[in-house]
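Following: one structure in structure tokens, then a few remarks.
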Amino acid sequence: MNKVGKVAYDTTALYGRFRTFISTVFVTLISIILIIQSINMYNEEQIYKDTVVATINSSLCKVNYVKNDRSYDCDLSVSYKKGSGVYQSQITTINSIKYNMGSTINITYNKDNITDIKIPVNKLTKYVFFIIAVFLIILSWSNLYFVIKNKTYASIQGSLGLVNDIFRRNNK
């Protein structure tokens, strides 16, 4: 009987280490994508620094329903002043706001090409992506460290993983 317990302990520890390694790789890849996205958002913010108020000349919006959420795909034609010039440009948005002709919106533009415009992104978003990514990396790699260093912890992880797998299969 002692051999059976040892085999179960060794097997669940090995399974726990395997599961933890795979999940750490997955979480690391997701975190890298989040970090790259936050860097891209930061770089884009450096290009589209200047903000102006634009008037919507025409608005063509389609409504999309996903479960209980509603979003709008809008093609907008806008005009805006910068210095002594008046510029016109097109922009496409996908969000929860329906834009109406005659209303005003804030836009950012590329100072090298004033007709290259975007609707500004919340500055907090890029920081949230970065912080979440770093937190996930620290959490997953510290979990992997404990699994590698402590066989009991690895066995617990493996046992919980097996129980989770069993219940998931039974609920399908």
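Computed from the coordinates by the stated procedures, all read-outs in this text should not be read as laboratory data. Here the structure is a predicted model, which means the values were calculated and not measured. Positions of Cβ are generated from backbone atoms using ideal geometry, with glycine treated the same way; all protein chains shown enter the neighbour counts.
What the table shows:
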{"quantity": "Label zone at ASP50 (point 7 Å along Cα-to-Cβ), backbone N below 16 Å, region 64-89", "calculated": "79-89"}
{"quantity": "Region 5-65-region 113-138 distance, computed between alpha-carbon centres (Å)", "calculated": "11"}
{"quantity": "Percentage relative contact order, the chain, counting C-alpha pairs under 8 Å, at least six apart", "calculated": "33"}
{"quantity": "Nitroxide proxy distance, nm - points 7 Å out along Cα→Cβ at ASN106 and ASN68", "calculated": "3.0"}
{"quantity": "The chain - Debye-derived log10 I(q)/I(0), Cα point model, q = 0.15, 0.16 Å⁻¹", "calculated": "-0.92, -0.99"}
{"quantity": "Expected-Rg normalisation [2.2 N^0.38 Å, Cα atoms] applied to region 100-144", "calculated": "1.94"}
{"quantity": "Inter-probe distance in nm under a simple model that places probes 7 Å from Cα toward Cβ, at TYR87 and ILE22", "calculated": "5.1"}
{"quantity": "Surrounding net charge for GLU45, when Lys and Arg each add one and Asp and Glu each subtract one, Cβ distance under 12 Å", "calculated": "+2"}
{"quantity": "Overall dimensions of region 52-117 by Cα: Rg and Dmax, Å", "calculated": "13.1, 47"}
{"quantity": "Charge-dipole axis of the chain as Lys and Arg at +1 and Asp and Glu at -1 on Cβ define it, positive-most pick from SER96, VAL27, THR125", "calculated": "VAL27"}
{"quantity": "Net dipole in debye of region 52-117 [+1 Lys, Arg Cβ; -1 Asp, Glu Cβ; about Cα centre; nearest 20]", "calculated": "160"}
{"quantity": "Backbone HN-Hα couplings from phi across region 36-41 [Karplus 6.51/-1.76/1.60, Hz, Gly and Pro as x]", "calculated": "4, 4, 5, 5, 4, 5"}
